[in-house]
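A short write-up of the structure that comes next.
The values are calculated or read from the model by the stated rules, or taken from the named source; none is laboratory data. In this text the structure is predicted, and so the values were computed from the model without any measurement. Here the Cβ positions follow ideal geometry from the backbone for every residue, glycine too, while neighbour counts run over all protein chains shown. Note: areas computed on protein heavy atoms with side chains; ligands, DNA, RNA excluded. Shrake-Rupley method; radii C 1.70, N 1.55, O 1.52, S 1.80 Å.
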Amino acid sequence: MAFSQKMPISVLPSGHLVVGAEIDGKKGNFIFDTGGGINLFLGNFSKGLEPKETYNYLTAFRATGEKMTIPLFKSKEIIFNGKKFKDTWYSTHDMEMKGIDGLISLPMLYDTEFIIDYTTNELIFPKEKLNGKKVMDIQLSTNADQSMDITTYVLLNNKYKINVLLDSGSGKDSFWLSERLMNTMDIKKEGLNVVEKKSEFNPDLTTKFYKSDIGSISTPFATVEKPKVFFVDGLIYEGKTSINWLGKKLGFNLKEKKIYILD
């Protein structure tokens, strides 16, 4: 396969993917987040962008069910991996993360095929159309073309077929399952390690995570045996996972709703 454009990805110890981009002439470092829904710019970086005020907003829910009403702006031009993207919706939040200026998410890539290569730590825009025998179907969730998430179907314990959010923003080897599945899978809460986490946005909101093991999680092309999972109270999805376990080189075609396992 001939490649036309590629850029390095920094992989944090947590497995989060960090990429560079230029937003309306301002360069920054961003987490590449397939589960973020919309581009999000933080703190001082966002304050350097125009406009300063808006009457547009988006109401959405975090995976834990936390309701978020966020302001909407449009960037005039984003330069990402050498390609220019015009009139892209984004939101802002007044928070600082050391070395991170925000999130780059999927909506602007709807018409652009891309590859995440975990072997070379690169993000690639292929010159030729993606193809291959190992193909996974994905589903798109959108809100007025402002936000976009992707999901797919997986098997738990070779038995239970569920739909999971594919979330590179969760790092590596992250497996969250709805607490509702515990009864289905005959997993008892008694004796499990329970972790309570406060929301980064609303300290009054706490979510319970039940840490457990299951037999396996799998797609037709990848299987993780005995993964460590969290059953999450109030999870709005049947499941949510990282993407690194799907394959070492993943090609995405959002318009055709496909992921190609290239390695």
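Could you bin all the Cα-Cα distances of the chain into 5 Å bins starting at 0 and give me the percent of pairs in each, rounded to whole numbers?
Going out from 0 Å in 5 Å bins, the chain shows 1, 5, 12, 17, 18, 17, 13, 9, 4, 2, 0 percent.
Consider all pairwise Cα distances in the stretch 1-126 and report the whole-number % of them above 27 Å.
For the stretch 1-126, the share of Cα pairs beyond 27 Å comes to 17 percent.
In nm, to one decimal, how far is the Met185 label point from the Glu66 one, both placed 7 Å along Cα→Cβ?
In this crude label model, Met185 to Glu66 measures out at 2.4 nm.
Quote to one decimal, in nm, the extra length available between Tyr110 and Lys134 on full extension: 0.36 nm per residue of separation minus the C-alpha distance between them.
Difference between extended and current length: 6.6 nm.
Mind grabbing the accessible area of Leu254 for me, 1.4 Å probe, Å², rounded to tens?
Near enough 0 Å² of accessible area.
Roughly how big is the stretch 52-105's charge dipole about its Cα centre, with Cβ charges of +1 (Lys, Arg) and -1 (Asp, Glu), in debye to the nearest 20?
Result for the stretch 52-105 is approximately 240 debye, rounded to the nearest 20.
Give me the base-10 log of I(q)/I(0) for the stretch 27-74 at each q in 0.19, 0.20, 0.22, 0.25 Å⁻¹, Debye formula, one uniform scatterer per Cα, rounded to two decimals.
Cα-only, vacuum Debye calculation for the stretch 27-74: -0.76, -0.84, -0.98, -1.16.
Quick one: which of Lys27/Lys249; Lys6/Lys211; Lys133/Lys159; Lys189/Lys240; Lys172/Lys208 span more than 29 angstrom between C-alpha atoms?
Lys6/Lys211
Using only alpha-carbon positions, what ratio does the radius of gyration of the stretch 82-147 give when scaled by 2.2 N^0.38 Å?
This ratio for the stretch 82-147 stands at 1.38.
How big is the accessible area of Ser4 in square angstrom, nearest 10, if you roll a 1.4 angstrom probe over the protein chains?
In the full protein context, Ser4 sits at about 60 Å².
Compute the accessible area per residue over the stretch 27-100, keeping the other protein chains in place, probe 1.4 Å, unit Å².
So the stretch 27-100 comes to 54 Å² accessible per residue, rounded to a whole number.
Ordered by residue, what ³J(HN,Hα) values in Hz, to whole numbers, does the stretch 19-29 give under the Karplus form 6.51 cos²θ - 1.76 cosθ + 1.60, where θ = phi - 60° and Gly and Pro are x?
10, x, 7, 10, 10, 6, x, 10, 7, x, 10
Please list, in chain and number order, the residues 5+ apart from Leu58 or on another chain whose amide H is under 5 Å from its amide H, with Hs placed from the backbone.
Ile70, Leu72
Give the accessible area for Lys208 in Å² (nearest 10); use a 1.4 Å probe, count only protein heavy atoms, and leave out ligands, DNA and RNA.
In the full protein context, Lys208 sits at about 80 Å².
What are the aspartates and glutamates whose alpha-carbon lies under 13 Å from the alpha-carbon of Lys26, with same-chain residues fewer than 8 places away excluded?
Glu50, Glu77, Asp101
Using the Karplus curve 6.51 cos²θ - 1.76 cosθ + 1.60 with θ = phi - 60°, what ³J(HN,Hα) values do you get for each residue of the stretch 185-200, in whole Hz, with x for Gly and Pro?
Ordered by residue, 3J(HN,Hα) equals 8, 6, 10, 8, 6, 4, x, 7, 6, 10, 10, 10, 10, 7, 5, 5 Hz.
Could you work out how far apart the two model spin labels at Lys228 and Thr142 are, taking each label as a point 7 Å from the Cα in the direction of the beta carbon, and quote it in nm?
3.8 nm
In Å², what does the accessible area per residue of the stretch 122-243 work out to with a 1.4 Å probe?
Accessible area per residue, the stretch 122-243: 54 Å².
Below 8 Å between Cα atoms, with a sequence gap of 6+, how large is the relative contact order for the stretch 1-45 in percent?
It comes to 23 percent, rounded to a whole number.
In percent, how large is the relative contact order of the stretch 42-127, given Cα pairs closer than 8 Å and 6 or more residues apart?
Once divided by the residue count of the stretch 42-127, the mean separation gives 25 percent.
Pairs of alpha-carbon atoms within less than 8 angstrom and 6+ residues apart define the contacts here; what relative contact order does the stretch 125-245 have, in percent?
31 percent
Could you look at the chain and say what percent of its accessible area is carbon and sulfur, using a 1.4 Å probe and all protein chains?
After summing per-atom areas, the C and S share lands at 47 percent.
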